[in-house]
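Peer 1: This is the structure I have questions about; it appears just below.
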Amino acid sequence: MKRNLSVLLSLLVLASIVLAACAPAATEAPATEAPSATEAPVATEAPAACQPAGTEPIAFPDGGKTVTGAWDQEPDSIVPYFTQMSYAIWITQLTLAGLGEWDDQGNFVPELAVEVPTADNGGVSADGLTITWKLKDCLFWSDGEPLTSADVVFTWEAIMDPGNAPTSRTGYDKIASIETPDDTTVVITFSELYPPWQVLFTQGPNNAGAILPKHMLEGQTGLESNDFIHQPTVGSGPWVITEWIPGDYMTLLPNPNFHGGRPVLDQVQVRFVPDPATAQAALQTGDVDWFPNFSEAEISTIGALEPDVHLIVVPGADFEHYFFNLGTTTGVDGRGASDVDGFCPFKDVRVRKALTLGINREAIVETLLEGKTTVPSSQWPNSSWTNSSLTPDAYDPDAAGALLDEAGYALGSDGIRAGDCNGENVKLSFNFETTTSQIRIDIATIVQSDLAKIGVEFKPIHTPAGTFFGSYADGGVMPTGKYDMAGYTTGFYPDPYTDNYKCESVPSAANPSGTNWYLNCDPALSDLMEEVNASADPAVRKEKLDEAQKYIFDNYYVIMMYARANVYGHTDRFVPGPFGFFSNLNWNSEVWDVK
Amino acid sequence: MWSYLARRAIQAIFTLLIITVLCFILTRLSADPMAQYATSQRMSAEDREALRERLGLNDPLPVQYLKWLGLALQGELGNSFFSKQPVSLMISQRLPNTLILMVTAEIITVSLALVLGILSAVKQYSTVDNIITALSFIGFSMPIFFIALGLMLIFSVQFKEWGLPYLPTGADIWDKKDPVELLKHLILPVSALVIILTAGYARYIRTSMLEVLGLDYVRTARAKGLTSRAVLFKHALRNAALPLVTIIGLDIPFLIGGALVTEQVYAWPGMGRLFWEYAQRGDFPVVLGILLIISTAVVIFTIITDVVYTFVDPRIRLG
């Protein structure tokens with residue numbers, strides 16, 4: 001008996017050793033076990049609906065549907081809190097989700113949330129300081145872990161943690177606390193009024209507030225160089241990155257737990273193709289299916305490739321604008337003093353108006369841009385914030401000449417006007433600074449000849465973007481104000497606020513990071529822009545912004561050249577979903593299909 | 001010989017130091033890394049200041065350089081400003097791709113140039129020579145992007161349109177381990193490089209051969225009844241090839257740098273593209289890392305070339 005017992009005992013020991021050895025193997029392959037778990041009797045303990053559909057990306061089946069995009073740049077890392085590249089925003093739209101996003105019509109819509117918080121549904125408190133988001137039920141990360149309100153809190157803490165170095169904390173630093181009464185409720189309390197709260201934790205054209213997985217990153221710092229931030233292996237968007245060969249391509253497979261259901265396609269690949277001419281050839285041969293970044297100058301070339309390649313031109317909220325150096329070393333009422341004084345004649349609104357009327361902007365749009373975009377009236381084009389009562393001035397060289405005569409600038413024998421400005425005889429001859437891109441060179445040449453016709457000498461200087469936009473300390477052209485007139489592209493969206501008109505943002509040695517590169521301190525306008533941010537009510541903000549747009553328009557502070565357009569080309573076999581400027585192509589990749 | 005090498009090594013260190021200083025100044029002045037963020041609506045003035053401080057851009061330029069040099073001397077190339085990844089890792093990911101492309105192109109170029117150069121020299125002023133000369137000048141004076149894109153438009157886009165077997169544009173995704181695929185993807189970029197590079201080499205060889213063929217010892221060799229083949233390859237070519245050794249020796253290190261335009265056009269994930277993409281953004285750790293590797297290679301290969309010379313040309317002694 002004793003012997004039998006010892007035999008039994010040793011058998012038990014042996015069995016436990018064997019079982020222990022087997023154990024790791026079992027944890028290595030949870031993918032196959034998870035689905036069966038839902039069928040097991042355990043299901044009675046938890047609601048059957050709240051189980052992840054899988055724990056790994058769905059493998060590519062034989063003969064599956066796949067598309068390949070060509071991008072001219074490679075994201076330097078994926079999680080956009082740590083990079084500013086639009087390419088990172090695009091990849092984030094494919095792989096991670098935020099609380100809300102912008103749809104093809106430019107509306108703000110929920111993504112992980114059930115609805116967008118408003119005053120009506122109780123999501124926005126009366127004082128505008130508290131925003132309550134309600135998450136959808138049963139959200140899961142692609143690895144099967146639950147996605148809850150705790151992940152939102154973690155995301156905020158990761159951004160604010162001094163141990164991490166995000167490129168921006170703007171807005172997140174205005175949050176006093178985030179409460180999570182339960183797994184699906186997020187109550188954000190701001191320390192002061194923050195009207196652009198919609199850009200926080202949401203995915204938009206200029207912001208990419210993806211929610212980060214707490215279970216992957218908790219307790220870690222130095223996230224800016226973390227492997228997961230560079231290439232997330234777990235996501236909440238329609239796709240999961242499964243392969244990334246630097247400089248070459250990226251492969252994405254469906255996330256089994258995507259809240260919007262399984263994507264129609266079985267795989268998406270992104271190939272990094274730096275030269276648009278190559279991308280065009282690759283579209284023609286079908287080596288790639290779409291390219292999102294042709295320039296406006298290529299519209300007709302791509303349009304000529306129909307029916308094999310389709311052209312999509314999306315007018316945007318970005319705009320190309322020319323503007324005047326309005327700097328004053330003395331400042332205005334003690335505000336906004338700059339290091340340099342701008343070109344004296346530009347201080348006269350008649351001169352600014354004459355230059356606006358003297359440039360044939362419609363002709364530039366019609367010829368160089370194939371008529372695919374428009375001359376906007378304000379700096380908020382193609383958006384719900386546009387002041388629709390304004391109409392851009394038409395080309396009128398005669399009126400321009402009359403205005404310059406009236407301002408005292410008479411035509412000289414050399415064909416250039418000159419006149420008295422603050423007691424000095426000044427010629428209407430000035431430098432125009434912009435970057436080296438081909439379309440800017442082409443347009444500047446046309447402007448030069450237009451303005452010559454009204455007796456104005458416009459002298460373009462093209463500086464590489466790295467110096468043009470360089471910092472104050474590095475002698476960048478913009479912040480140091482080393483220009484008479486200048487031009488570049490910008491845009492204020494999805495939230496319309498900008499401090500580019502504030503007196504306090506005029507850059508100078510004392511304020512090197514100021515973004516008011518117009519060096520324009522107009523206290524009335526500065527205060528008006530402040531008021532745009534003084535209310536949480538969108539209707540009140542729109543009213544103030546309309547006023548500001550009219551003020552800028554009436555004072556001819558900028559010459560709006562044209563609204564920029566996003567130019568896409570795609571093969572006939574690739575069928576993207578509906579999209580707009582605010583959403584861009586990638587917002588609904590789950591509905592993409594192939595013919 | 002050894003004292004010569006020691007002297008050259010010391011010189012090399014100083015050369016490299018001067019090169020890194022110059023490269024640092026040029027890179028730092030050509031683009032401000034912060035320009036990337038200049039118009040970002042997502043960043044406030046404080047965000048920008050914090051980032052400048054973190055990237056060390058608020059330090060005076062000499063301090064920025066010395067910090068980089070300090071790391072480099074410990075064998076560390078630092079991290080990229082933008083990808084935050086180690087520069088050495090980024091280079092190691094791209095270098096093999098570049099070497100496959102460039103070494104293939106260099107081998108074909110040199111072989112082809114030898115044939116064309118010798119043929120040209122032997123048949124000086126004949127129709128063959130005139131055709132080769134004309135083609136050399138065309139190849140030499142054509143911009144590479146034109147040839148690269150032209151080849152792509154003909155052999156990928158047009159061939160497909162005409163229903164012929166066509167070559168990939170390079171922008172497709174393919175299996176790097178499949179030798180047939182590799183060959184297909186190498187044809188166009190290598191051809192573009194060969195067209196550009198062969199012209200120069202072929203002209204060098206032609207001139208060098210012509211010079212040698214006119215010398216007394218070649219006449220002597222002919223006079224003593226050697227076959228023209230023996231004269232050409234055993235006597236003339238061995239001497240004519242000497243300048244070629246220098247040219248190839250100096251070119252090899254640049255193979256590491258890759259072919260900027262060719263890699264751009266054919267979306268080849270190599271060093272040239274890495275350099276260009278990061279240089280534009282003013283990411284000086286990446287740019288300096290690449291330049292340091294190339295210049296080290298140049299210095300080393302110059303020394304190797306000098307040593308090889310003593311073997312090829314017994315008249316030369318190092319000392």
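Peer 1: Looking at the range A:535-581, which of its residues are among the hydroxyl-bearing types (Ser, Thr, Tyr) and in contact (Cβ under 8 Å) with a residue 40 or more places away in the chain?
Peer 2: A:SER535, A:TYR556, A:TYR557, A:TYR562, A:TYR568, A:THR571
Peer 1: Could you say whether any residue in the range A:465-485 is within 17 Å of A:PHE346 (Cα to Cα), more than 11 Å from chain B (Cβ to nearest Cβ), surrounded by fewer than 17 Cβ atoms within 10 Å (Cβ to Cβ) and in contact with a Phe, Trp or Tyr (Cβ under 7 Å, 6 or more places away or on another chain)?
Peer 2: No, every residue in the range A:465-485 fails to be within 17 Å of A:PHE346 (Cα to Cα), more than 11 Å from chain B (Cβ to nearest Cβ), surrounded by fewer than 17 Cβ atoms within 10 Å (Cβ to Cβ) and in contact with a Phe, Trp or Tyr (Cβ under 7 Å, 6 or more places away or on another chain).
Peer 1: Which of the residues belonging to the range A:318-340 are of a type in the set (A, V, I, L, M) and closer than 13 Å to A:ASP522 by Cα?
Peer 2: A:LEU326, A:VAL332, A:ALA337
Peer 1: Which condition number in (1) in contact (Cβ under 8 Å) with a residue 12 or more places away in the chain; (2) surrounded by 14 or more Cβ atoms within 10 Å (Cβ to Cβ); (3) aliphatic (A, V, I, L, M) is the one that B:LEU226 fails?
Peer 2: Answer for B:LEU226: the failing condition is (1).
Peer 1: With the range A:34-147 as the region, which strands (runs of 3 or more DSSP E) entirely inside it contain at least 3 residues that are modelled with pLDDT of 95 or more and farther than 30 Å from B:LEU51 by Cβ?
Peer 2: Where strands (runs of 3 or more DSSP E) fall fully within the range A:34-147 and carry at least 3 residues being modelled with pLDDT of 95 or more and farther than 30 Å from B:LEU51 by Cβ, they are A:66-71, A:130-134.
Peer 1: From (1) more than 14 Å from chain B (Cβ to nearest Cβ); (2) assigned to a strand (DSSP E or B), pick out the condition that doesn't hold for A:HIS259.
Peer 2: Condition not satisfied by A:HIS259: (2).
Peer 1: While we're here: Out of the residues in the range B:10-33 that are away from every other protein chain (no Cβ under 12 Å) and among the polar types (S, T, N, Q), which is farthest from the chain's Cα centre (by Cα)?
Peer 2: Of everything passing the filter in the range B:10-33, B:GLN11 is farthest from the chain's Cα centre (by Cα).
Peer 1: Here's a check for you: in the range A:351-389, which residue that is assigned to a helix (DSSP H, G or I) and of a type in the set (Gly, Ala, Ser) is farthest from the chain's Cα centre (by Cα)?
Peer 2: A:ALA354
Peer 1: Starting from residues that are within 25 Å of the chain's Cα centre (by Cα) and surrounded by 21 or more Cβ atoms within 10 Å (Cβ to Cβ), keep the ones in the range A:275-284 and report whichever is farthest from the other protein chains (Cβ to nearest Cβ).
Peer 2: The residue in question is A:GLN280.
Peer 1: Of the numbered conditions (1) part of a helix (DSSP H, G or I); (2) over 18 Å from A:PRO110 (Cβ atoms); (3) touching a residue at least 60 places away in the same chain (Cβ under 8 Å), A:TRP197 satisfies every one except a single condition; which is it?
Peer 2: Here A:TRP197 meets the rest and fails (2).
Peer 1: Restricting to the range A:499-514, name every residue that is surrounded by 21 or more Cβ atoms within 10 Å (Cβ to Cβ) and at the interface with chain B (Cβ under 8 Å from one of its Cβ atoms).
Peer 2: Hits for the range A:499-514 are A:SER505, A:GLY514.
Peer 1: Can A:ASP287 be described as more than 21 Å from the chain's Cα centre (by Cα) and surrounded by fewer than 24 Cβ atoms within 10 Å (Cβ to Cβ)? Even if it seems obvious, please write down each step before you answer.
Peer 2: Working: more than 21 Å from the chain's Cα centre (by Cα): yes; surrounded by fewer than 24 Cβ atoms within 10 Å (Cβ to Cβ): no.
It is false that A:ASP287 is more than 21 Å from the chain's Cα centre (by Cα) and surrounded by fewer than 24 Cβ atoms within 10 Å (Cβ to Cβ).
Peer 1: Looking at the range B:141-163, is at least one residue assigned to a helix (DSSP H, G or I), of a type in the set (D, E, K, R), surrounded by 13 or more Cβ atoms within 10 Å (Cβ to Cβ) and away from chain A (no Cβ under 13 Å)? Spell out the reasoning first.
Peer 2: Kept after step one, since they are assigned to a helix (DSSP H, G or I), are these residues of the range B:141-163: B:141, B:144-161.
Still in the running and of a type in the set (D, E, K, R): B:160-161.
Keeping just the survivors that are surrounded by 13 or more Cβ atoms within 10 Å (Cβ to Cβ) gives B:160.
Those still in the list that are away from chain A (no Cβ under 13 Å) too: none.
No - not one qualifying residue is present in the range B:141-163.
Peer 1: In addition: Take the conditions within 7 Å of chain A (Cβ to nearest Cβ), farther than 18 Å from B:ALA279 by Cβ and surrounded by 20 or more Cβ atoms within 10 Å (Cβ to Cβ) and apply them to B:GLN36. Does it pass?
Peer 2: Here the answer is no, as B:GLN36 does not meet what is asked.
Peer 1: Residues to consider are B:ILE256, B:ILE293; find the one that is farther than 30 Å from A:ALA282 by Cα, in contact (Cβ under 8 Å) with a residue 24 or more places away in the chain and surrounded by 18 or more Cβ atoms within 10 Å (Cβ to Cβ). Step through it out loud before you land on a result.
Peer 2: Working: B:ILE256 fails: farther than 30 Å from A:ALA282 by Cα.
Of the residues listed, the single one that is farther than 30 Å from A:ALA282 by Cα, in contact (Cβ under 8 Å) with a residue 24 or more places away in the chain and surrounded by 18 or more Cβ atoms within 10 Å (Cβ to Cβ) is B:ILE293.
Peer 1: Also, quick follow-up: So which pairs qualify, if the first residue must be in the range B:7-32 and not assigned by TED's automatic domain parsing to the domain that holds B:PHE301, the second must be of a type in the set (Lys, Arg), the Cβ gap must be under 9 Å, and the two must be at least 6 apart or on different chains?
Peer 2: Going by the 9 Å Cβ cut-off, the qualifying pairs are B:ALA31/B:ARG281.
Peer 1: How about the range A:141-164: which of its residues are over 30 Å from A:PRO256 (Cα atoms), under 24 Å from the mean Cα position of the chain (by Cα), touching a residue at least 24 places away in the same chain (Cβ under 8 Å) and surrounded by fewer than 20 Cβ atoms within 10 Å (Cβ to Cβ)?
Peer 2: Answer for the range A:141-164, where residues must be over 30 Å from A:PRO256 (Cα atoms), under 24 Å from the mean Cα position of the chain (by Cα), touching a residue at least 24 places away in the same chain (Cβ under 8 Å) and surrounded by fewer than 20 Cβ atoms within 10 Å (Cβ to Cβ): just A:ASP161.
Peer 1: Just the residues that are under 23 Å from the mean Cα position of the chain (by Cα) and either within 12 Å of chain A (Cβ to nearest Cβ) or free of Cβ contacts under 8 Å to residues at least 60 places away in the same chain (or both), please, taken from the range B:81-92.
Peer 2: B:LEU89, B:MET90, B:ILE91, B:SER92
Peer 1: Out of the residues in the range B:39-68 that are more than 8 Å from chain A (Cβ to nearest Cβ) and of a type in the set (D, E, K, R), which is nearest to B:SER83 (Cα to Cα)?
Peer 2: Filtering the range B:39-68 for residues that are more than 8 Å from chain A (Cβ to nearest Cβ) and of a type in the set (D, E, K, R), the one nearest to B:SER83 (Cα to Cα) comes out as B:GLU53.
Peer 1: To continue, here is another question. Within the range A:242-250, is there a residue that is crowded, with 18+ Cβ neighbours inside 10 Å and of a type in the set (Val, Ile, Thr)?
Peer 2: Among the residues of the range A:242-250, not one is crowded, with 18+ Cβ neighbours inside 10 Å and of a type in the set (Val, Ile, Thr), which makes the answer no.
Peer 1: Do we have A:THR445 as surrounded by fewer than 17 Cβ atoms within 10 Å (Cβ to Cβ), part of a helix (DSSP H, G or I), at pLDDT 95 or above and of a type outside the set (A, V, I, L, M, F, W, C) here?
Peer 2: It is true that A:THR445 is surrounded by fewer than 17 Cβ atoms within 10 Å (Cβ to Cβ), part of a helix (DSSP H, G or I), at pLDDT 95 or above and of a type outside the set (A, V, I, L, M, F, W, C).
Peer 1: Working only within the range B:165-221, note down all residues that are of a type in the set (A, V, I, L, M), in contact with a Gly (Cβ under 8 Å, 6 or more places away or on another chain) and farther than 18 Å from B:GLN124 by Cβ.
Peer 2: Those that are of a type in the set (A, V, I, L, M), in contact with a Gly (Cβ under 8 Å, 6 or more places away or on another chain) and farther than 18 Å from B:GLN124 by Cβ: B:LEU188, B:ILE195, B:ILE196.
Peer 1: Does A:ASP499 satisfy being among the charged types (D, E, K, R) and part of a loop (DSSP other than H, G, I, E, B)?
Peer 2: In short, yes.
The values are calculated or read from the model by the stated rules, or taken from the named source; none is laboratory data. From a predicted model like this one, the values you see are computed outputs, not experimental measurements. Glycine also receives a Cβ, built like all others from the backbone with ideal geometry; neighbour counts cover every protein chain displayed.
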